[in-house]
Amino acid sequence: MYCCCHESVDAPYWENPGIIGRFRNLPGSGFLERFSALGDYMKVLIVGAGAMGSRFGLALAKGGAEVTLFDINREHTEAINQKGLEVHADGKVSVEKIPAISGIEGSGGFTHLFIFTKSIHTRAAMETIRPLIKDDTVLVTLQNGLGNIEAIREAAPRSPIIAGITNYPAVYLGPGVIRADGSGITRFQALDGADPAPALGFADVLHRGGMEADVVDNILHHIWGKVAFNAAMNTITSLTGLSVGLLGSTPESLTMAFNVAKDVALAARARGIDLSDEEVCDSLRSVLKPGMSSGHYPSMFQDVSAGRKTEVETICGKVLETAEQYKIKTPYLHSVYLLIRAIEDNYPNRKH
Ligand code: NAD
C-alpha cells in the first residue's frame, strides 16, 4: 500500500478515483499519516528556474532535497548567488540561500531533473541537459501545455518520468526576485505504468517543504483539463485585456471562455480522455468565485504585454492538431489561437 498523509474529514484516497497518494494539510485534521521511507535522498536540478522553478525548487530544498537552480538567464542566477533568492509571499519578504548555475558544465549526479521552462522551450532545455540523463534519472514536468512529455521522452527514452500539473502561482519580478503568493494543488503521476514510489517520494518532499500534492493514476485527464482552462483563460484575458475577475463577471467573455474550454474537452474525448464539458466549465467557474484571483492576469497576458512569444502553440496549437487528426470542429479554440498568433506576429507594429 502506498499512503502518505490524508485526514479524517476528507474522503480517503482509495475513495477518490484516480488518487493514490494525498499529501495535504487539511484544516482541523491534526492527523498526518506518513508511510514508509519516503523522501529518500534527492539531488534535484531545476531546469528553468524562473517564477515556478524557483518556487518549487525552494520548496524541495525546504523539504530536505539538495537543490540547484539552473537557468540560462545569467543575470538571474548571478543575483541569486550574490544576494540569495528574494521571495515575496503573502505580504512577507524572505531571502533564501540556494545555489544557482547558468550552465551545466562541471555539475552532475542529479537524481531528479525538474523541467520548469515555458513549454515552448522544453525541447531546447532537454537538449542542454542530455549529458546529465542516466537511465535511473527521474525527469519531472509540471509545465502547462501539451508536448512536454513527448519532448522529455525523446531525450530520455529509458528514464522514469513524473508528469503533472499545478495551479500554485508564481511571478518573476526581476533578477533574483519572485512572487510566490497563495497556495494551490499539484497533481502528478509516474508515467508508463511505472512504480509510483518515486512520485510518492517526490510528493512527500514537496509536502515537507510546504506544498500540497496528490499522486494520481489518471494524469492525462488532469493535463487536458488544465489545457482547457489555460486555452480559455489565458487567451481571452490576453485578447481582451480583462483580468480573470472581469472576464468572469462579463457575460460575453465568460460565454466565450466556456466555448473554448468545451472545444478542448471535445478534442480530449476524441482521443479517448474522458473530460466532460461540465468539468472544464466548473474548473473555470472555480477561479471566478468572489475573492478568487479577481485581479489576476495569466502568464500569457504578461507575455503578450512584454512582446514575448507565448505558449499558445503548446496550449492551443497542439489541441488543434488533435482536432484535425480526428476531424472534429473546434471553431472557438481555432479563433482565439489565430488571434493570439496574429498579435505575436506583429509585436513591433502593434498599437496599445
Ligand atoms: P518563467 O518564464 O518565469 O520561467 C521559465 C524560465 O526558464 C526562465 O527563467 C527562462 O530563462 C528559463 N529557460 C528558458 N529556456 C531555458 C533552457 N533551455 N535551459 C534553462 N532555462 C531555460 O515561466 P514560469 O511562469 O515559471 O512558467 C513555467 C511553466 O509553468 C510554464 O509552462 C507555465 O505555463 C507553467 N505554470 C506557470 C504558473 C505561474 O503562475 N507562473 C502556474 C502554473 C503553471
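Taken together, the values in this text are just the output of simple stated rules run on the coordinates, not laboratory data. Because the structure is predicted, anything quoted here is derived from the model rather than measured. Virtual Cβ from ideal backbone geometry, glycine too; neighbours counted across all protein chains shown.
Structural remarks
- Placing unit charges on the Cβ atoms only, positive for Lys and Arg and negative for Asp and Glu, gives region 221-349 a dipole magnitude near 40 debye about its Cα centre.
- Estimated dipole of region 43-216 in Debye, rounded to 20 [Cβ of Lys and Arg +1, of Asp and Glu -1, Cα centre]: 200 debye
- Measuring spread by the Cα atoms of region 51-93 yields a radius of gyration and Dmax of 10.8, 29 Å.
- Calculated over region 221-349, the projected area of the Cα convex hull averaged across directions stands at 7.3 nm².
- Set Lys289/Lys327; Lys327/Lys351; Lys97/Lys118 screened for pairs whose C-alpha atoms are more than 32 Å apart: Lys289/Lys327; Lys327/Lys351
- Region 90-163 - Rg over Rh from alpha carbon coordinates, Kirkwood radius: 1.03
- Using a Förster distance of 56 Å, the FRET efficiency for Glu279-Glu105 (Cβ separation, nearest 0.05): 0.75
- Dipole of the chain [Lys/Arg +1, Asp/Glu -1 at C-beta], most positive-end residue of Pro175, Val280, Tyr332: Pro175
- Since only Leu206, Thr128, Tyr297 are under comparison, the one whose Cα sits farthest along the positive direction of the charge dipole of the chain, derived from C-beta charges on Lys, Arg, Asp and Glu, is Tyr297.
- The rule of thumb for compact globular proteins, 2.2 N^0.38 Å, goes into the C-alpha radius of gyration of region 43-216 0.95 times.
- Packing, as the average of other Cβ atoms within 10 Å across residues, places the peptides 211-221, 49-59, 75-85 in the order 49-59, 211-221, 75-85, highest first.
- With the highest mean first, a sort of the peptides 172-180, 232-240 on other beta-carbon atoms found within 10 angstrom per residue produces 232-240, 172-180.
- Model label zone, Asp217; criterion: amide N under 19 Å from point 7 Å along Cα-to-beta-carbon; scope region 261-281: 273-275
- Partners for Lys309 among aspartates and glutamates (Cα-Cα distance below 17 Å; same-chain residues under 8 apart left out): Glu344, Asp345
- Antiparallel DSSP beta bridges within the chain, as percent of all bridges there, nearest 5: 40 percent
- Listing Cys316, Cys281 from fewest to most neighbouring C-beta atoms within 10 Å gives Cys281, Cys316.
- Site pair Arg158 and Arg269 shows an inter-label distance of 4.2 nm when each label is modelled 7 Å from Cα along Cα→Cβ.
- For Tyr326, Tyr168, Tyr41, the sequence from fewest to most other C-beta atoms within 10 Å is Tyr41, Tyr326, Tyr168.
- Distance from region 215-289 to region 132-181 (C-alpha centre basis), Å: 22 Å
- Test item: Cα-centred dipole of the chain, Lys/Arg +1 and Asp/Glu -1 on Cβ, debye: 680 debye
- Gain in span if fully extended, Glu127 to Ile185, counting 0.36 nm per residue against the direct Cα distance: 17.9 nm
- Distance distribution note for the chain: the fraction of Cα pairs above 28 angstrom is 43%.
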